[in-house]
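All of the numbers you see were taken from the coordinates with simple rules; none came from a lab. If you're wondering where the values come from, they're calculated on a predicted model, not measured in any experiment. Using ideal geometry, Cβ is built from the backbone for each residue, glycine included, and neighbour counts are taken over all protein chains shown.
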Amino acid sequence: MNWLQLAYEYILGGLFFFVTLRLCFGPGAASLKSASDRRTLAWLLAGIAGYFVLHLVWIVTAGGV
Amino acid sequence: MTFAYGQPVDYVIVVIYFVGILIFGSLFGRRTRTTADFFFSGRRFPWWLVAFSCVATVVGSYSFIKYSAVAFSCGLSSTMAYLNDWFLAPLFLLGWMPIIYFSRVTSIPEYFERRFDRPTRIMGVLFILLYMIGYIGINLYTMGVAMQVVMPRLDAFQWAVVIAVITAVYVTAGGQTAVIMTDLVQGILLLVAGIAVLVLGILYIGDHAGTGLSAPAAFWQGLPPAHRLPYSGFSSPDAFPMSGIFWQDVFGASMFFYFGNQGLIMRFLSVKSVREGRKAFIVVILVMMPLAAIAVSGAGWVGRSMQTFGLIPGNTDPNAIFMAVTAIVAQPGVFGFVLASLTAALMSTVDTLINAVAAIAVNDVWKPFVAPGRSDRHYLGVARVSSVVFTLAGLLLVPVFMQHTSIYVAHGSFTAAISPPLIVVIILGILWKRFSPRAAFATLLGGGLAVGLSIWAPGMIGPLADLHGMGPGEGTVFMRALFGMIVCSAIAVVCTFVWPRRDARSIDGLWIGTLQAAKRLFKGAEPNDERPGAKVRAVLSMTEEGGPAGEGAEPVVGMSRADAGRMLAREGDMIYLADRRWWLGGLVSLHARLRVADVPEGTVRLDRRRAGEAGFKAQRGVVVEKIL
C-alpha cells in the first residue's frame, strides 16, 4: 500500500509548490502578461499533474490498491 | 560466488574513451584565454546542451552504485529521489533563475553580498566550499569503490588517487565550455549505458528464468510485490524510508543542488536567455530525471529479479550489484562501454565541481580579499592552480567517507548537515523583502552550529524522527534536513524582527518582488518580452564601421525594419545571433543590440571585428532572435 506516501508527498510537496507559485506571481514578479511566464505556468501545472497521475497509475498498476 | 569483471577488450574501450574525451575537451579548451572563458563561457548555449550537461552533473559515479544498491534492496521505489524535484520548479523557474540571470551575479556568495552584506558572503563561501569539496571527495571515493571491484589490485583510495590526478589534468586543461561540451557526450553515454544494462538484463532473465513468459513479464514476476511500488514504506526500511527520503532529498539534497550548487548556477548562467534556461530545467526534470532514474537503478531491479530465479546468489552485496549484474548480462565490449559510462559519470560531475569551486576561490576569495586589481592572466593562473588544490582537498576526504557504513548515508548526512542554513537564506532572500543582512548572517552561523550540534547530539532530532515513526539511528539522519530548516527559519524570522532591514531600493532586482526591475537593470531600458516574436533567418554582412569598444560593451547589429517587425523587436532591444547550424550549440554566437537600419531584408549587418571574435564568417547564414 502506498496511499499514505502518495498523500504525504503531494500534500506537503504540493503546499510548497503552490505557495511558492503564488508568491512568484505577486506584484513586481512574474506576470501573466508575459508570454514566457504564461507558458511556464502552464508547464508547471502540467508537470505536477503529470507526476501525480504517473504515481497514481503506478500504484494501481503495481497492485497497491 | 565471484564474478569475472571484464576482458582485455573492455579495458581497451575504456582507455580509448578516456583518451577520446580528453582530446575532445582539449579542442574546446583552446578557447580558454580568460577567466570569463574558464568559468562562464558566455551566455550563449541552447536549452538542449544545458539539459544534457545538467543530467551528466546530477548523475555521479556514486549514483550507479548507490541507486542500484537501493533498487536491489527496495525495488522501483529507488526512483523516489529522482521523481520528486518538480515541487521546487516554481521557485527555481520563476524566482531564483531569473534573479541570478538578470542581476548578472557570478556566484551565490556574490548574491549574498549584494542582497545582504560582505560578512554573509564570507559565510556563504565557507559553506559552499565545504559542500563542494566534500562532494568531490564522495565522487572520487565511490568511483574508487567501483574500480576496486573491477580491478582489485588497487584499493578504493589508491583508485581515487589515480582518478583524481587524471580528472585534475582534464579540468585544468579545459574550462566551462569544455566541461559543458564533454558533459553532453558523457550525459548521453551514461543514460544509454544504464538503460542498456536494464534491457540486456530483462532479456537475460527472459532467456534463463525458465518461466515460459516473455522477458518483460518474467522480469516483473521476479520482483517481489512490494518492490513494484513507487514508494518504499512510510518509515521503513531504516536505510530508505519514504518520509525520510522526502525531507532529506527534496528539502536537502535537491533543493541545495538546484539553488546552492555553484556548478548548476554556472550552467544556468551559460544559457542564451532565461526562456532557454526554463526550457532546459523543464526538460531536465520531466524527461531527463526519469530516464536517469531508470539508468542508475536498472541493474538493481534486474539483480533482484535474477535473485528470485536463482540466477544470482542470495548473499550478493547490494553495493556490488551494479557491477555484478553488468558482468553477467553484458558481452565483452559492452561491459567496457558500461565501465566507460561510469567513468563518464564521475568526470562529468567532478569536472563541474572542480570548475565551480575554482570559480568561488578566484571570484569570491582571491580577487576581493587576497590579490585585488591584478591582471586577468594572473587570475586565470590562480583558477588553474585552484582546480588542482581543491581536487587534492576532495581526495583527502576519501578516508573519512571510508569510515561510513554505507555510501548513501555518507552522502545524505553530509549534505543534510550543511545545506539547511544556505537553503533558508537563499529562499528567504528571494521571497522576503524584510529579511535583513544581520538576520541572514545569524541564520548561516546559528543554523550551521545548530545542525552541526545535532550531529554530535542526535537526540535533538529525536522528536521529528519519532513523529515519522523512525528510530533514533537512521531516523535522525533523514530528519536532519527538516530539523535544520525549522531551526534556521526560526532564527531568520526572529532576527529579522530584532534587526532592521536594509534600504529596500538597494536590493532592487535581488528579490522576487523586483523581478521586473531586474529585467530593466539587465537591459538598461524597458524590457520588451511580453510577446516573443519570430526567429529570423538572415545572411551576415560584415562592415568596418566599428562599434562600442571596451570590456562588456555589446556589439550593435543592423537589421531591416521588416525583420525587426517579425521579431517584434524595437531599436535597442537585446538580440541574439547564432550560426544557422544548430548543432554547434551556440559556439558561434553573440548577444547584441538591435539597430533598425537601411539594410536589405534578410541581411544582418555586424562589425567585422566583433563578428570575428564570435567566430562568424562573412555571408554565413545566421538565426536572429529577440531576447529582451
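General observations
- Set of aspartates and glutamates with alpha-carbon distance to residue B:535 below 18 Å, sequence-local pairs under 8 removed: B:276, B:563, B:571, B:573, B:579, B:601, B:625
- Charge tally in the Cβ shell below 10 Å around residue B:102, where Lys, Arg are +1 and Asp, Glu are -1, residue B:102 excluded: +4
- Computed from Cα atoms, the angle from the helix B:176-208 axis to the main principal axis of chain B rounds to 30 degrees.
- Across chain B, the mean sequence separation of Cα contacts (distance under 8 Å, 6 or more residues apart), normalised by length, yields a relative contact order of 22 percent.
- Among the listed pairs B:433/B:626; B:367/B:617; B:272/B:433; B:433/B:523, those with a Cα-Cα distance over 26 Å are B:433/B:626; B:367/B:617; B:272/B:433.
- The amide H of residue B:534, built 1.01 Å from its N in the peptide plane, has B:567, B:568 as neighbours under 5 Å, considering only residues 5 or more places off or on other chains.
- Extension gain, residue B:309-residue B:494: 0.36 nm per intervening residue step, less the Cα-Cα distance, totals 60.7 nm.
- Per-residue ellipticity at 222 nm from helix content only, as computed over chain B with -39500 (n - 2.57) for each DSSP H run of at least four residues, stands at -18500 deg cm²/dmol.
- 10 Å Cβ shell holding at most 15 others, DSSP loop, GluC sites (Glu not before Pro): longest site-free stretch of chain B: B:1-529
- Cα-based helix-to-principal-axis angle, B:376-396 vs chain B, degrees rounded to 10: 10 degrees
- Taking 17 Å as the cut-off, the amide N atoms of the stretch B:512-529 that come nearer than this to a point 7 Å along the Cα-to-beta-carbon line of residue A:39 belong to B:528-529.
- Table column - 3J(HN,Hα) (Hz), the stretch B:232-245, Karplus curve with 6.51, -1.76, 1.60, x for Gly and Pro: 7, x, 4, 10, 8, x, 4, 8, 7, x, 4, 5, x, 5
- Ranked by the mean number of other Cβ atoms within 10 Å per residue, highest first, peptides B:357-364, A:33-40 order as B:357-364, A:33-40.
- Inter-chain Cβ neighbour average for residues A:6-15, partner chain, 10 Å: 4
- Around the amide H of residue B:543, modelled in the peptide plane, lie the amide H atoms of B:606, B:607, B:608, all under 5 Å away and 5 or more residues distant in sequence or on another chain.
- Cα shape, the protein assembly as shown, gyration tensor, a/c 1.5 rule: prolate
- Where labels lie 7 Å past Cα in the beta-carbon direction, separation of residue B:27 and residue B:203 in nm: 3.0 nm
- Distance between the stretch B:266-293 and the stretch B:139-208 - C-alpha centres, whole angstrom: 22 Å
- Between the amide H of residue B:236 and those of B:242, distances stay under 5 Å, these residues lying 5 or more places away or on another chain, with hydrogens modeled in the peptide plane.
- In order through the stretch B:468-485: 3J(HN,Hα) via Karplus (6.51 cos²θ - 1.76 cosθ + 1.60), integer Hz, x for Gly, Pro: 9, x, 9, x, x, x, 5, x, 5, 5, 5, 8, 5, 5, 5, 4, x, 4
- Ranked by the mean number of other Cβ atoms within 10 Å per residue, highest first, peptides B:9-21, B:588-600 order as B:588-600, B:9-21.
- C-alpha long axis of helix B:156-173 to longest principal axis of chain B, angle in °: 10 degrees
- All aspartates and glutamates inside 14 Å of residue A:33 as judged from Cα atoms, apart from same-chain residues fewer than 8 positions distant: B:529, B:530
- Counts of other chain beta carbons within 10 angstrom of each beta carbon in peptide B:72-83 average 1.
- The 3J(HN,Hα) values that the Karplus relation (6.51, -1.76, 1.60; θ = phi - 60°) gives for the stretch B:558-568 are, in residue order, x, 9, 6, 4, 5, 5, 4, x, 5, 7, 6 Hz. Gly and Pro appear as x.
- Counts of other chain beta carbons within 10 angstrom of each beta carbon in peptide B:90-103 average 4.
- Spatially proximal aspartates and glutamates relative to residue B:279 (Cα-Cα < 13 Å; intrachain offsets below 8 disregarded): A:37
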